[in-house]
Amino acid sequence: MYIYQIMSNNFGYIDIILLGMIAGFIILRLRNILGRRTGHESKVYPTFSEKKFNVPKNEHKDLKPNHEILEGKQKKEFLKGAEIAYETILTSFANGDIKKLKTLLTSDMADNFDQAIQARRKENIKSEFTFIGMKESNVEKYEKIKNELFASVKFVSEVISVKKDKDGKIIEGNPNKIKLVTDYWKFSKNILKQGPNWYLSEIISK
């Protein structure tokens, strides 16, 4: 009887140990299958899982430019471009670069410049030109006529300009003297044509 009781107690302990081992095994298996939470997992919200997150499209529309006036930032950018065009046209003319001139002049002005360059070459006159800097530039007049825009600009610049004959003799200008030059140029632009370019359409004598 005593021996049976001892064996029964032992079997009870063994059952508990076995059950504990089985439970531990099941826990380990679940942990391996499901993984362990570290606290850094991204949260899942089931109510949003089937919904698409659409970013609203930017309905910004480009404002139609006001061609009736030339003010503020638009005027500042225009003058900056006009100054670059002024220097480029003078330098290209001195170098006889008609190809570059055609990108900055109206067709009529391009013909006039081309004729002047050809006449200079025919007489074997060499033009030497150095642009020192722009002193001042101002829009003197701006107007819109139908689809054409016109802007008259006053330029005050410093240059060194010299003309020499075929023998290299100076016939005009001084290579050692900076000359202050004032010019009045009119630029034009057709608002129906693509591109932002303005073109020199007239040199105004004053």
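Annotations
- Pair Met134, Lys206: separation of 7 Å Cα→Cβ label points (nm): 1.6 nm
- Dipole in debye (nearest 20) - the range 72-204, about Cα centre, beta carbon charges: Lys, Arg +1; Asp, Glu -1: 200 debye
- Charge sum, other residues only, whose C-beta stays under 12 Å from Glu136's C-beta, Lys/Arg counted +1 and Asp/Glu -1: -2
- Packing-based exposure ordering (other Cβ within 10 Å, fewest first) of Ile145, Ile160: Ile145, Ile160
- Computed over the range 112-167, relative contact order equals 41 percent, with contacts defined as Cα pairs under 8 Å that lie 6+ residues apart.
Values quoted throughout were computed directly from the atomic coordinates according to the rules given, and no laboratory measurement underlies them. Values in this document were obtained by computation on a predicted structure and should not be read as measured data. A quick note on method: Cβ atoms are made from the backbone with ideal geometry, for glycine too, and the neighbour counts reach across all protein chains shown.
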